[in-house]
Each structure stands twice: as structure tokens, then as C-alpha cells.
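The values are calculated or read from the model by the stated rules, or taken from the named source; none is laboratory data. Predicted model, so just to flag it, every value in this text is computed and none were measured. Counting neighbours? That spans all protein chains shown, and the Cβs are built from the backbone with ideal geometry, glycine included.
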Amino acid sequence: MTRLTVGPWVAAQKLPTKDLALDRLAFLERTLNRAETPTAAGLPLIGLGGSCGKPCFALPYVLTWTDENTRALEALAVEFDCFVEYGAYPHLKQHDGGQEVAAVQDWTTFGMVFMRPGYEQGVEVLARLAETLRPSAE
């Protein structure tokens, strides 16, 4: 089991204290950390979730949801003792307490996965999602 190792990068992006929210220079200093592009399971970290703050990884293909890949996603979720909740996009959530593990978004030009950084099997889930959701034509 491997957790994501991007915690320091994520922490460096976030607002350290509320009083710095209006400090442009402090913001610019934090953005210097973005020159480094961490990866996990071979996928580049491309940013953070706007409301959730979870690290976001780019899938190396365009993702379009189908009956086949949603069934595969549900089977993958079971392997990690999770279920899939379908909102605007699918979320993998733990059966024990419903904590979100991952969210997978499909956009016109690419797909991406938001991962909970503290999840014990984060790297494994990320790798399996990338493998499982890869379109068969690729």
C-alpha cells in the first residue's frame, strides 16, 4: 500500500494563514512551487481541486463515460472496499463512513482524477483507474 507523496507540494500551494488572503506577493511566492511537477503512478499532478483541495492528476487520454467503463469502475471500487457515487462525475467512496477516495472527471480534451492524499492505497487506486478507464482503442 502506497500513499501519495505529494503532500508537501499540496501544502505549499495552500493559503498558510487567512491574513495572507489579500497578500499578492505571498501568493506569488507560493506559485514558485508550481515549477516542480510531481507525478504519481506515472501521471502528472496538474493542480488542486478548487473546493476540496485534493491533488489532481491528468489521465493520458480523453475519457468518455460508457456503460462498459462505468461497470469497470464499479468493479474496481469493490476491489478497494469502495462504491461509486454518481453526481456530476463519479466518486469512489469508502463503504466505511463514505469518505471520498477519488473523483474522476471527463472533459472534452482530457480526463483527470482527484485523489485523497492520505488514502493508504492512493497510488494503487490511481494506477488502476488509469489502466481500467483507458479506452480500448488506445
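Values for this structure:
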| quantity | calculated |
| --- | --- |
| Candidate set: region 81-100, residues that are among the aliphatic types (A, V, I, L, M) and at pLDDT 95 or above; chosen: the one nearest to Asn69 (Cα to Cα) | Val84 |
| Residue match in region 65-80 (condition: surrounded by 11 or more Cβ atoms within 10 Å (Cβ to Cβ), touching a residue at least 24 places away in the same chain (Cβ under 8 Å) and farther than 20 Å from Glu124 by Cα) | yes |
| Near pairs, Cβ below 7 angstrom, 6+ apart or cross-chain, from region 31-60 (in contact (Cβ under 8 Å) with a residue 60 or more places away in the chain) to any residue that is small (Gly, Ala, Ser) | Ala41/Ala127; Ala41/Ala130; Leu43/Ala58; Leu43/Ala130; Ile46/Ala58; Phe57/Ala40; Leu59/Gly111; Leu59/Ala130 |
| Index of the failed condition, Gln105 passing every other in (1) buried (at least 18 other Cβ atoms within 10 Å of the Cβ); (2) part of a strand (DSSP E or B) | (1) |
| Where Arg3 falls short, out of the listed (1) out of contact with any helix residue (DSSP H, G or I) (no Cβ under 9 Å at 6 or more places or on another chain); (2) touching a residue at least 40 places away in the same chain (Cβ under 8 Å); (3) surrounded by 15 or more Cβ atoms within 10 Å (Cβ to Cβ) | (1) |
| Given (1) within 14 Å of Glu131 (Cα to Cα); (2) under 14 Å from the mean Cα position of the chain (by Cα), index of the condition His91 fails | (1) |
| In region 108-138, residue nearest to the chain's Cα centre (by Cα) [restricted to those that are in a loop (DSSP other than H, G, I, E, B) and free of Cβ contacts under 8 Å to residues at least 40 places away in the same chain] | Ser136 |
| Given (1) under 18 Å from Gly7 (Cα atoms); (2) surrounded by 14 or more Cβ atoms within 10 Å (Cβ to Cβ); (3) at pLDDT below 90, index of the condition Cys52 fails | (2) |
| Qualifying residues in region 8-22 (those that are of a type outside the set (A, V, I, L, M, F, W, C) and surrounded by fewer than 13 Cβ atoms within 10 Å (Cβ to Cβ)) - the one farthest from Val101 (Cα to Cα) | Asp19 |
| Some residue of region 91-100 being outside any helix (DSSP H, G or I) and more than 27 Å from Pro8 (Cα to Cα) | yes |
